[in-house]
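> Handing you this structure, nothing more for now.
The values are calculated or read from the model by the stated rules, or taken from the named source; none is laboratory data. Treat the numbers as computed from the prediction; the structure is a model and nothing was measured. Counting neighbours? That spans all protein chains shown, and the Cβs are built from the backbone with ideal geometry, glycine included. Note: areas computed on protein heavy atoms with side chains; ligands, DNA, RNA excluded. Shrake-Rupley method; radii C 1.70, N 1.55, O 1.52, S 1.80 Å.
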Amino acid sequence: AYPNLKKTDDLTRAASGMPLDEYRERTVWAELALRRIMNVALETRDEDLRAYFASVRADYIRTERVRVSQIFIPPKTDGPEGVAGPEAWEDAERQIGEAHALLVRGEDFGQVARAYGSGGGLSRFMRRGDLLRELEEPAFSIRKPGSITNPIKSPLGWHLLLADAKAERSESTLDEARDEVRIGY
């Protein structure tokens, strides 16, 4: 499966002058012996692991997060400079208002996103600082999953956010993160 590795293996065996079976047996035994030595050397005492975890505890704090989906309607740009005029912004605002009205009536978010805007695929957990400044506070102020924000204007266009889920700030304990901490130790 690995032609270059096999070539190296064959060249090493040929250079040592031993038959292929003997070379492979010695290689396997050497690898097993090395693994045993490494396992003994890498065994960690619980108090060492606790001290190390205390020094890196901040890495195991998950900040408040919200998973959002988005409908984004940018104003259409006209002209050689690619700058949107007032009419384009008004049109984008009208479209986001129509999309918002459909969502308030209970229409499916994905269908409205496909019909009105570029978006709908942003559904992932976001931390504070991951979103545009204009979107952050509305996204994090949503209390109930499935809630939709009012239309939000940003320098890029108009947005509607659907909060799929919210996760509060949390910390992992050593027991929860033991395997990962042991690898980093």
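> Can Arg114 be described as part of a helix (DSSP H, G or I), open to solvent by 20 Å² or more (accessible area, probe 1.4 Å) and in contact (Cβ under 8 Å) with a residue 24 or more places away in the chain?
It is false that Arg114 is part of a helix (DSSP H, G or I), open to solvent by 20 Å² or more (accessible area, probe 1.4 Å) and in contact (Cβ under 8 Å) with a residue 24 or more places away in the chain.
> What single numbered condition from (1) modelled with pLDDT of 85 or more; (2) open to solvent by 30 Å² or more (accessible area, probe 1.4 Å); (3) outside any helix (DSSP H, G or I) fails to hold for Arg94?
With respect to (1) modelled with pLDDT of 85 or more; (2) open to solvent by 30 Å² or more (accessible area, probe 1.4 Å); (3) outside any helix (DSSP H, G or I), Arg94 is out only on (3).
> Given the criteria within 24 Å of Gln95 (Cα to Cα) and in contact with a His (Cβ under 8 Å, 6 or more places away or on another chain), does Ile142 qualify? Walk me through it before giving the result.
Details: within 24 Å of Gln95 (Cα to Cα): yes; in contact with a His (Cβ under 8 Å, 6 or more places away or on another chain): no.
Spelling it out, it is not the case that Ile142 is within 24 Å of Gln95 (Cα to Cα) and in contact with a His (Cβ under 8 Å, 6 or more places away or on another chain).
> Right, here's the next one. Among the residues of the stretch 42-77 satisfying the criterion of being in a strand (DSSP E or B) and open to solvent by less than 30 Å² (accessible area, probe 1.4 Å), which is farthest from Ser154 (Cα to Cα)?
Of all residues in the stretch 42-77, those in a strand (DSSP E or B) come to 61-62, 65-73.
Add one more test, that the residue is open to solvent by less than 30 Å² (accessible area, probe 1.4 Å), and what stays is 66, 68-71, 73.
Numbers: Val66: 19, Val68: 17, Ser69: 16, Gln70: 13, Ile71: 13, Ile73: 10 Å.
That would be Val66.
> Kindly provide the set of residues from the stretch 123-140 that are open to solvent by 60 Å² or more (accessible area, probe 1.4 Å) and closer than 10 Å to Val66 by Cα, ordered by number.
Correct list: Arg124, Phe125, Arg127, Arg128.
> Scan the stretch 144-179 for residues that are surrounded by 13 or more Cβ atoms within 10 Å (Cβ to Cβ), more than 16 Å from Arg67 (Cα to Cα) and among the charged types (D, E, K, R) and report the count.
Final tally of qualifying residues: 2.
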